[in-house]
Amino acid sequence: MTETIAELYNQRFAQEMGAEPEAAAENEVVRTILSHRTHRRFLPDPVPAALMETLLACAYSAPSKSDLQQATVLRVVDEDKREAIASLIPSMPWIGSAPEFMVFCGDSRRIRGICERRGKLFANDHLDAFFNATVDAAIVMQNLIIAAEASGLGCCPISVIRNHATRVAEILQLPEWVFPVAGLCVGYPSAKAYVSVRLPLGLTVHVDSYDQTALDRELDGYDQRRNLRYSIPEVKQKFVDDYGIAEFYGWSEDKARQVSRPERDDFGEFVRRQGFLLD
Ligand SMILES: Cc1cc2nc3c(=O)[nH]c(=O)nc-3n(C[C@H](O)[C@H](O)[C@H](O)COP(=O)(O)O)c2cc1C
């Protein structure tokens, strides 16, 4: 049975929708997006080549800053290269087992090469050049995810490759001004994944001015609602040596513990080595 938009909204936020959904929103695209869930277990069946081409066409139908088109997708089909990347991250075996694995790269190299061919100086060597390429790559990846999920596939983005950015860049021979934004596993799901409950729109959408009070107002309720749907088992509490076992361990405690330890603090150095000025 097809779920209504109101049911999917409730699934996403563990809250009732404020208004009756408009009839115009009752469509498959909206349903696909609201039903999103990350998949990490896949059947061995390959993704047909023609479907991959369509998904990539959808990916590159994403908007692009100034039409500069600064995203490059690197499909990792060589088994040795895939294994070399997967072995860097043994805690995420889906990187090696997914039928398709791609790396979405921000690419500021192409436009610089075009400047050279056209006899022009590239006069935008600053943080925004890096940022624009990152955004382009991210939305190209998201378009692929939506198209893939609408086609019965499941996906898992992989930012953990950036913990090993130098090695990944070596394996994939990423030249100057090209950098990995995220990997993406794609395949037919072999297990049902659950819908992750998001922060309420009352907290993440502000009107006319930034509203910090929304966090105080909404956070505890979110932790509680999310916990009712999926409570984090005690064995999954993070850094208990430092923080102990919490009696109530909600999303906010989990995320606060996560970011209390540095991660990937050498990424800026990697990006600078790839040629970017981040000023
Ligand atoms: C940019 C990005 C990077 C991510 N990196 C990883 C990753 O390295 N490994 C992983 O298992 N999941 C990764 N994820 C998936 C998130 O954990 C997931 O999106 C989040 O828990 C919310 O769940 P949902 O996508 O099912 O709604 C990533 C997601 C995004 C958007």
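In the Gaussian network model of the chain, springs joining C-alpha atoms below 10 Å, which of HIS164, HIS36, HIS206 carries the largest mean-square fluctuation? The residue that fluctuates most here is HIS206. Unpaired Cys in the chain, meaning no second Cys C-beta under 4.7 Å: CYS58, CYS105, CYS115, CYS155. Amide hydrogen proximity for ALA182: with H placed 1.01 Å from N in the peptide plane, the residues at 5 or more positions away or on another chain lying under 5 Å are PHE104. Does segment 216-279 come out rounded, prolate or oblate, given a ≥ b ≥ c as the square roots of the eigenvalues of its C-alpha gyration tensor, rounded meaning a/c under 1.5 and, failing that, prolate meaning a/b above b/c? Prolate is the answer for segment 216-279, as a/c is 1.5 or above and a/b outweighs b/c.
Near the amide H of ALA71, within less than 5 Å, lie the amide hydrogens of ASP107, all on another chain or at least 5 residues away, with H placed in the peptide plane. Treating each Cα of segment 6-162 as one equal point scatterer and applying the Debye formula with no solvent, the log10 of I(q)/I(0) at q = 0.13, 0.14, 0.21 Å⁻¹ comes out as -0.77, -0.87, -1.33.
Computed 3J(HN,Hα) for segment 226-233, one whole-Hz value per residue from the Karplus formula 6.51 cos²θ - 1.76 cosθ + 1.60 where θ = phi - 60°, is 5, 5, 5, 6, 8, 9, 6, x, glycine and proline marked x. Summing +1 for each Lys or Arg and -1 for each Asp or Glu among the other residues whose beta-carbon sits under 10 angstrom from that of GLN237 gives 0. Positive contributions from Lys and Arg (+1) and negative ones from Asp and Glu (-1), summed over other residues with Cβ under 13 Å from the Cβ of ASP128, come out at -2.
For the pair VAL205 and ASP80, a Förster radius of 51 Å applied to the C-beta separation gives a FRET efficiency near 0.65, rounded to the nearest 0.05. Restriction of the chymotrypsin sites (Phe, Trp or Tyr not before Pro) in segment 197-244 to DSSP coil positions whose beta-carbon has at most 14 other beta-carbons within 10 angstrom yields TYR210, TYR230, PHE239. Taking amide H positions as modeled 1.01 Å from N, with prolines and chain starts lacking one, the residues under 5 Å from GLY187 and 5 or more places away or on another chain are GLY154. Please give the Cα centre distance for segment 243-267 versus segment 29-46, rounded to the nearest Å. Centre-to-centre (Cα) distance: 27 Å. For segment 93-175, the list of trypsin sites (Lys or Arg not before Pro) that fall in a loop by DSSP and count at most 12 other C-beta atoms within 10 angstrom reads ARG118, LYS120.
Phi-derived couplings, Karplus 6.51 cos²θ - 1.76 cosθ + 1.60 at θ = phi - 60°, listed residue by residue for segment 79-88: 4, 5, 5, 4, 5, 4, 6, 4, 6, 6 Hz, with x used for Gly and Pro.
With R₀ fixed at 25 Å, the C-beta to C-beta distance from ASN10 to ASP220 puts the FRET efficiency at about 0.80.
Using only the C-alpha atoms of the chain, find the volume of their convex hull and express it per residue in Å³.
187
By other beta-carbon atoms within 10 Å, ranking TYR9, TYR60 with the fewest at the front produces TYR60, TYR9.
Inverting the pair-averaged 1/r between distinct Cα atoms of segment 163-262 gives 17.4 Å as its Kirkwood hydrodynamic radius.
In the chain, the DSSP-assigned H stretches of four residues or longer account for a calculated mean residue ellipticity at 222 nm of -12000 deg cm²/dmol, using -39500 (n - 2.57) per stretch and the full residue count as denominator. In this simple spin-label approximation, ARG273 and GLN69 carry label points 7 Å from Cα along the Cα→Cβ vector, and these lie 3.1 nm apart. You can think of it this way: the chain between GLU253 and LEU88 has 56.6 nm of extra reach, that is 0.36 nm per residue less the Cα-Cα gap. Legend: distances between Cα atoms for LYS81/LYS192; LYS65/LYS192; LYS192/LYS255; LYS81/LYS120; pairs beyond 31 Å are LYS65/LYS192; LYS81/LYS120.
Multiplying the residue separation of ASN227 and SER196 by 0.36 nm and subtracting their alpha-carbon distance yields 10.1 nm.
Taking all Cα pairs closer than 8 Å and separated by 6 or more residues, the relative contact order of the chain comes to 24 percent. Give a quick list of GluC sites (Glu not before Pro) in segment 98-183 that DSSP marks as loop, anything other than H, G, I, E or B, with at most 15 other Cβ atoms within 10 Å. Passing sites in segment 98-183 are GLU176. Residue by residue, segment 108-115 carries 3J(HN,Hα) couplings of 9, 6, 4, 5, 5, x, 5, 4 Hz when phi is fed to the Karplus relation 6.51 cos²θ - 1.76 cosθ + 1.60 (θ = phi - 60°); x denotes Gly or Pro.
Put a dot 7 Å past the Cα of ASP125, heading toward its Cβ, do the same for SER260, and the two dots end up 4.3 nm apart.
FYI, it's all coordinate maths here, none of it is from the lab. Note that this is a predicted model, so its numbers are computed, not measured. Glycine gets a Cβ as well: all are built from the backbone with ideal geometry, and neighbour counts include every protein chain shown.
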